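One structure is given below, encoded as structure tokens.
Bear in mind that the values in this text are calculations on the coordinates, not laboratory data. Worth saying up front: this structure is predicted, and the values here are computed from it rather than measured. Neighbour counts are summed over all protein chains in view; Cβ atoms, including those assigned to glycine, are modelled from backbone coordinates with ideal geometry.
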Amino acid sequence: MRFRPDLLRAMIVLFNLALVIFGFTFFYLLFGETLLKSYHNRPVPMEQPGYRSGGSGKTADAEEEIVNGIHVQSGLIYAEGFDIVRGNCTACHSAKLVTQNRATREGWTDMIRWMQARQGLWDLGENEPVILDYLATNYAPEDIGRRATIDVEEIEWYLLELEEE
Ligand code: HEC
């Protein structure tokens, strides 16, 4: 094969070009993200949409976040009736009082009656069945962690001997 300097020169140019492209790509992969981030992360003034003016600086969306069916900010299960429960049941106390309790529908009704009688809870009107449905469904009593239910068949019953007259 005859030596061709023009071909060699072309190859060297191509090689250099490839080296430059490779270098840029490598640099971008290493530092591109950091550079872009620092560009995008400039402080955003409070008045911008997505921020509550004068708020804690958290986005409004963060307060509505739902993770695994739980409304993160209140800790309440996000299910039917959630909005009404949140609106009525977190006005005086933390939603924790709700989430830490479990009861039947009757139990929840009793708690509501007690708060209405003693704590100034208002008449819930047509919201009451919605609230009770929500509570009885999502915060029903559960047996987990308690002793197993007694097996009636296993118990040796005996008659209590009453003293004879
Ligand atoms: C008008 C104020 C007010 C509203 C509204 C209110 N509560 Fe209460 N609730 C109270 C007070 C006061 C207590 C007692 C707090 C304490 O013991 O620290 C209480 C206690 C509770 C308790 C704990 C009861 C116990 O036996 O320990 C639960 C559960 C509860 N509330 C659920 C609810 C639910 C469900 C709603 C919505 C229907 C609601 N609350 C709305 C005032 C209110």
Per the filter on the stretch 1-28, residues of a type in the set (K, R) and assigned to a helix (DSSP H, G or I) are R9
Taking the stretch 71-112, which residues are over 11 Å from I131 (Cβ atoms), exposed (fewer than 15 other Cβ atoms within 10 Å of the Cβ) and in contact with a Leu (Cβ under 8 Å, 6 or more places away or on another chain)? C92
Among the residues of the stretch 99-121, are any in contact with a Ser or Thr (Cβ under 9 Å, 6 or more places away or on another chain), near the ligand (Cβ under 10 Å from one of its atoms), under 27 Å from E64 (Cα atoms) and of a type outside the set (G, A, S)? yes
Among the residues of the stretch 78-98, which ones are away from the ligand (no atom under 11 Å from the Cβ) and under 15 Å from P141 (Cα atoms)? none
